[in-house]
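Quick notes on the structure that follows.
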Amino acid sequence: MSEQRPQLALVTGASSGIGEATVRALAAQGFETIAAARRLERCERLAAEVGGRALRLDVTDTDSVAALAAEVDELEVLVHSAGGALGLERVAEADDDRWLEMYESNVLGVVRVTRALLPALRRGRDARIVIVGSVAGVEAYEGGGGYTAAKHGAHAIAQTLRLELLADGIRVTEVAPGLVETEFSLVRFDGDAERAADVYRGLEPLRAADVAELIAFCVSRAPHVDIDYAAIKPTAQATAKIYHRDR
Ligand code: NAP
């Protein structure tokens, strides 16, 4: 009898942070992996390290998403990690373009990639979808409006998919992290390293690997178990805004 091929996991936003760590964690669990993001060279380095594949992907571009989907015949795990925040302006100073960009990557990106890969997930065995949401998906904070609105949108998409895919037996999980030290703050503050470092001042943030470990846990449960929603925060963080800093 021929052996079954290993299960395949595709991770968006795999060129950095949580997505990159998730590719490593899933490869260590025996998944074949596809690492996808705009910075292809980073994905290629990661793919070479874990023995997987790398594909260029811009989740805001329907053609790019279609090209990705054309490369995937059967898929078991789809992890949406592409996304992030831009700026910390209050509603009174909101920049339409940056708000749109956050909605494009964090919400429509999840929609486009899910829609394009659902046929492959249906052809695969025991399909699971993981959306990397955020505490910002269920809370608000001053200056966070553009990002919290987008992550609330991603949260709603996760809940919608849970309903719409119920009869298909496709599991849907939202993993919602608090502060994780990645390139997230550097991107949010347009490369201002000092401002980014200040976000994590005086506390121990999560590492990308902590979140990846949770994602790997969620997708490795028995087929009848769906971890619907999982929040993960540093011990020093109580809410999106309340931290304990020792300096
Ligand atoms: P990160 O290190 O900045 O990684 C973000 C990833 O998203 C990168 O790989 C980036 O790749 C990718 N990405 C952004 N826009 C994209 C696009 N249009 N098309 C394809 N890929 C795109 O930040 P991270 O912390 O790992 O963020 C991962 C996810 O976790 C995001 O959804 C973020 O909102 C969420 N999150 C982060 C935190 C945190 O504190 N760090 C907390 C809660 C939730 P390219 O630039 O190469 O395309």
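Each reported figure results from applying straightforward, stated rules to the coordinates on display, with no laboratory input. In this text, all values refer to a predicted model and were calculated from it rather than measured experimentally. As a convention, Cβ positions derive from the backbone with ideal geometry for all residues, glycine included, and neighbour counts pool all protein chains shown.
Note on the range 1-22: residues that are without any contact (Cβ under 8 Å) to a residue 40 or more places away in the chain, under 14 Å from ALA48 (Cα atoms) and not small (Gly, Ala, Ser) amount to 0. Summed over the range 221-247, the residues that are closer than 14 Å to ILE129 by Cα and surrounded by fewer than 16 Cβ atoms within 10 Å (Cβ to Cβ) give a count of 4. Note on the range 119-149: among residues that are assigned to a strand (DSSP E or B) and of a type outside the set (D, E, K, R), the one that is nearest to ASP95 (Cα to Cα) is VAL132. Summed over the range 65-113, residues that are hydroxyl-bearing (Ser, Thr, Tyr), surrounded by 20 or more Cβ atoms within 10 Å (Cβ to Cβ) and part of a helix (DSSP H, G or I) total 1. Of all residues in the range 11-48, those that are within 16 Å of the ligand (Cβ to nearest atom), aliphatic (A, V, I, L, M), closer than 21 Å to ARG128 by Cα and touching a helix residue (DSSP H, G or I) at 6+ places or on another chain (Cβ under 7 Å) total 10. Looking only at residues in the range 162-200 that are buried (at least 21 other Cβ atoms within 10 Å of the Cβ) and in a helix (DSSP H, G or I), the one that is farthest from the ligand (Cβ to nearest atom) is SER185.
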